1. Just flag the GluC sites (Glu not before Pro) in region 26-104 sitting in loop per DSSP whose Cβ has no more than 15 other Cβ atoms within 10 Å.
2. How large is the dipole of the chain about the Cα centre if only Lys and Arg carry +1 and Asp and Glu carry -1, each at its Cβ, rounded to the nearest 20 debye?
3. List the residues, sorted by chain then number, that are 5 or more residues from Ala29 or on another chain and whose placed amide H is less than 5 Å from its amide H.
4. Taking the alpha-carbon set of region 8-104, what are its Rg and Dmax in Å?
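Coordinate-derived values only; no laboratory data. Keep in mind it's a predicted model, so treat the numbers as computed, not measured. Quick reminder, even Gly has a Cβ in these numbers, built from the backbone with ideal geometry, and neighbours come from all protein chains shown.
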Amino acid sequence: MNTAPEQVGGRRSSISDGPFTVVLRRTGATRTVPADRSLLEVVEEVVDVPSTCRTGDCGSCVSTVLEGVVDHRNTVLSLRARTAGRRVALCVDRSLTPVLVVDL
């Protein structure tokens, strides 16, 4: 199976472009994040989350990841934070694993 990113419509696509499950640990909610919606849009159905830019530039929606691997697409987190893998910008980041558990 080829999981290497490829160009689609002028942007890179990857395995993380597909749907995944988000578990909100504190609320106990589990939701599917479809390919055509952001993690933030789905999470907002359950809990209020601060958000300003919705483009991954401001950091207002950054949350803590408890389990899973994030596909970082934001510009706000440092290389160190990305490498640690414990923060997610809900507005633009996706999951590289089938399930992402967030501290919300």
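1. Glu44, Glu45
2. 300
3. Hits under the 5 Å cutoff: Leu24.
4. 12.3, 38
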